[in-house]
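Written out below as structure tokens is the structure these notes cover.
FYI, it's all coordinate maths here, none of it is from the lab. Model, not experiment: these values are computed from the prediction. In this analysis, Cβ positions are derived from the backbone assuming ideal geometry, glycine residues included, and neighbour counts consider all displayed protein chains.
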Amino acid sequence: MHVASVTASEIRITLEVAIELANQLVDGRFDGRRVLADAGFTRAPKASEASIERLRTRIDLLLPLITSLPGMDTETACARVNEELTELPISPAVVDHDGVGPHIHWTPATATFDDQVVSDVLMALAQELCEHGTARFGRCSASACDSLFYDATRNNSRRFCADRRCASRTHTADHRARRRSAV
């Protein structure tokens, strides 16, 4: 397996996880263990409740940064990510485990679970900012929804959050409006 393809995939997955966790916190809920386990974070299923709670607190502290990415200029976003990175025990290493192929771990094996996840999120943000700036971060176009999304489409065409009902309601309303105007 090619290292770059694994890295690009991990960046996408990590950014989608960060956005999902941020959306959950904004909605007043947090199911970090499930979100991370579903995304393939191998330490998530066995992480202690205290680790999950520390992660919730730390993602909550990153919430102002994450929620402001849509519309934030790249220079400001880079400065904010750099500020956060100075607080982390980052010690990159190339590892190969669980059949994933060679990829980078930003923290040592002894890092706390929350340090690992927050480091992964911030490094994925840093890499995304270098590659695309803030252009791929957006807010749902559905009325009455303000959820965030990360747009991994080739043509940067995503308009809706992960809740499929948002796109469905919008498309249904648009279709009905077109039918009414045609009559």
Between the alpha-carbon centers of the stretch 105-129 and the stretch 53-78, tell me the distance in whole angstrom.
14
Amide hydrogen neighbours beyond the local backbone of Leu69, cut-off 5 Å, H modeled
none
Any cysteines in the chain with zero other Cys Cβ atoms under 4.7 Å from their Cβ? List them, or say none.
Cys78, Cys130, Cys166
Percentage relative contact order, the chain, counting C-alpha pairs under 8 Å, at least six apart:
23
Measure of compaction for the stretch 3-182 (Cα Rg per 2.2 N^0.38 Å)
1.11
Among Gly32, Ala162, Val121, which residue has its Cα furthest toward the positive end of the charge dipole of the chain, with +1 on Lys/Arg Cβ and -1 on Asp/Glu Cβ?
Ala162
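What order, most packed first, do the peptides 139-148, 40-49, 88-97, 60-69 have when packing is the mean number of other Cβ atoms within 10 Å of each residue?
The densest-packed peptide leads the list: 60-69, 139-148, 40-49, 88-97.
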With Cα atoms, 0 to 90° folded angle of helix 3-26 axis to the chain main axis
70
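Pop the C-beta distance of Ser143 and Glu87 into the FRET formula with R0 = 35 Å and round what comes out to the nearest 0.05.
Computed FRET efficiency for Ser143 and Glu87 comes out at 0.35.
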Helix 74-85 versus the longest principal axis of the chain: what is the Cα-based angle in degrees, 0 to 90, to the nearest 10?
40
Two pseudo-spin positions, 7 Å from Cα along C-beta at Arg179 and at Arg164, lie apart in nanometres by 2.1
For the stretch 115-125, what does the Karplus curve 6.51 cos²θ - 1.76 cosθ + 1.60, with θ = phi - 60°, yield as ³J(HN,Hα) per residue in whole Hz, taken in order and with x for Gly and Pro?
4, 4, 5, 5, 4, 4, 4, 5, 5, 5, 4
Roughly what angle does helix 49-68 make with the longest principal axis of the chain, taking Cα atoms, 0 to 90 degrees, to the nearest 10?
50
